[in-house]
Amino acid sequence: MTKESGGFDQIDQWKSTMFLYSSALKSINTKIEILNNEFIQLYNYNPIEHITSRLKTPESIVKKLKNDGCEVTIENMVEHLNDIAGIRIICSFMSDIYPIADMIARQADITVLHVKDYIKYPKTNGYKSYHMVVTIPVYLSEGKRDTKVEIQIRTIAMDFWASLEHKIAYKFEGKAPDYLERELKSCADMVDMLDMKMFSLNQAIMAVEEEERR
Ligand code: GTP
Ligand code: MG
């Protein structure tokens, strides 16, 4: 085999690998939409505010493999990286997070590989979010391929905080000045308070609605 055809083989392998991840995203997106729509049907309530998804760019795949001391190969990226396909579920209330996570985990064809619960155990910087790495089967003509997807579940307020924190961390390459870190931490406390207030307001509204139905 010539050197050139080896390169083309790799491009093909790259394309078919990324096709798997984008198919996995589609499939998970549909599942989550169905769950949300079922909730609207049954309870006239949508636990999910919105969903975003993304495929990791080739640049950040290479960067992460190098940072982790791995040789840059397609095998290593499939084996080592959990977040090539990523989906973020944004909900209105804290109380929606665990039920959504449970509904996803209960799906028969989804396998939960691991969970990081930064809701129960927030990071010291104030980051809160529920993370799951799952596999979902993608059905190709030659058979089924279980494919990894990283799912992040958080409230609108937590997401607002995480976006700005990410921007700041990126700007300062991970080490922001102390005063910014302190400010971010105090914003995270405000986010907590807002989430709790919004939750109890919503509970109060639901209680009134329940009363009216009787
Ligand atoms: P990464 O190597 O950063 O992907 O982390 P990990 O493999 O240890 O997994 P973890 O579940 O901790 O983080 C996965 C993803 O969550 C990250 O890629 C970010 O998108 C997000 N994340 C984790 N920690 C933070 C944080 O402190 N701030 C923000 N804004 N996002 C975070
Ligand atoms: Mg990541």
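Key figures
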| item | result |
| --- | --- |
| Only one of K171, K185 that is more than 30 Å from F19 (Cβ to Cβ), out of contact with any Phe, Trp or Tyr (no Cβ under 9 Å at 6 or more places or on another chain) and at pLDDT 95 or above | K185 |
| Segment 13-67, subset among the acidic types (D, E) and outside any strand (DSSP E or B), residue surrounded by the fewest Cβ atoms within 10 Å (Cβ to Cβ) | E59 |
| Residues of segment 79-111 that turn out to be open to solvent by 60 Å² or more (accessible area, probe 1.4 Å) and either closer than 25 Å to T57 by Cβ or in contact with a Ser or Thr (Cβ under 7 Å, 6 or more places away or on another chain) (or both), as a count | 4 |
| Top-ranked residue in segment 66-89 [being within 11 Å of ligand 1 (Cβ to nearest atom) and within 20 Å of the chain's Cα centre (by Cα); ranked as farthest from K31 (Cα to Cα)] | H80 |
| Residue that is farthest from R54 (Cα to Cα), among those in segment 137-159 that are of a type in the set (A, V, I, L, M, F, W, C) and surrounded by fewer than 22 Cβ atoms within 10 Å (Cβ to Cβ) | L140 |
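The values are calculated or read from the model by the stated rules, or taken from the named source; none is laboratory data. Please read all numbers here as calculations on a predicted model, not as lab measurements. When we count neighbours, we look across all protein chains shown, and the Cβ atoms used for this are built from the backbone with ideal geometry, even at glycine. To get the accessible areas, we keep the full protein, side chains included, count just its heavy atoms, and leave off ligands, DNA and RNA. Shrake-Rupley method; radii C 1.70, N 1.55, O 1.52, S 1.80 Å.
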